[in-house]
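The values are calculated or read from the model by the stated rules, or taken from the named source; none is laboratory data. Note that the coordinates shown come from a computational prediction; the quantities given were computed from them, not determined experimentally. Cβ sites come from the backbone with ideal geometry, for glycine too, and all protein chains shown count toward neighbours.
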Amino acid sequence: MSKTTKRISQEILDAQDSLERRIRAHLQRGRVQVTLTDNRYTMISVRRVAKERRYEVRLHHMFADADPLITRALARYIADNDADASRVLGDFIDDNSGHVRGRSRRTPTTVIFTAGEHHDLRAIYDDLNARYFENKIDAAITWGARCGRPRRRNSIKMGSYSVEDRLIRIHRSLDREFIPRYFVAWIVFHEMLHQVHDIRVKNGRREFHSKEFMADEAQFEQYDEAKRWERRNLDALLTY
């Protein structure tokens, strides 16, 4: 490693340490570990390590010199997924989009939040990636936006995969105590398969779930159990 590379690496480490201290000052509980990135698509990614009361946070380097207003918003967002803090951070990202290499100001950015109140999407995704995909799936994953007042819906899209952004979104309704982890994992597994199977055009229509796709989905270890649980609890799933 050259002296220049060593100096740059130390500068990054110093910036991460400084940002950690400034965010930690606003946290009422838990520890935070910050990694600065140059990701073009994901500006904020949070993983909660509940047993250790620790937050693993990946932040775009635009946050390195953030003022106290932003570091306070980061702390509130990291610990509580606070909606007001999310809006503050969204405005900050929009104002600093010029720092994102290879992206125009019109290109939307994504705030990633994997730690739910009951289920950690990052832990589920990492486990599935290792067990079923030899860690070859390269996608971000996040909970979707919070919904309004609870109500009964006729249908719900529990997960989605954006090919352009390589982003999996999981509906917030799945982050509830009565929903078993294996059911959330089945939904995540389904969305991960979209990176394996191309979207085909059949009879002039796009085919999202081919026979091959469905066959692979059935390889999920608790596939039958997840399907049965869904049938038994559909009404509760639709009330959110």
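Of note:
- Residues of region 59-74 that turn out to be in contact with a Leu (Cβ under 8 Å, 6 or more places away or on another chain) and either acidic (D, E) or more than 18 Å from A25 (Cβ to Cβ) (or both), as a count: 2
- Region 80-100 residues that are among the acidic types (D, E), paired with ones that are surrounded by fewer than 18 Cβ atoms within 10 Å (Cβ to Cβ) (beta carbon under 8 Å, 6 or more apart): D94/R105
- Any chance Y125 is at pLDDT 85 or above, more than 23 Å from I78 (Cα to Cα) and outside any loop (DSSP other than H, G, I, E, B): no
- Qualifying strands (runs of 3 or more DSSP E) (wholly inside region 31-90; at least 1 residues being within 16 Å of T114 (Cα to Cα) and touching a Phe, Trp or Tyr at 6+ places or on another chain (Cβ under 6 Å)): 31-37, 42-49
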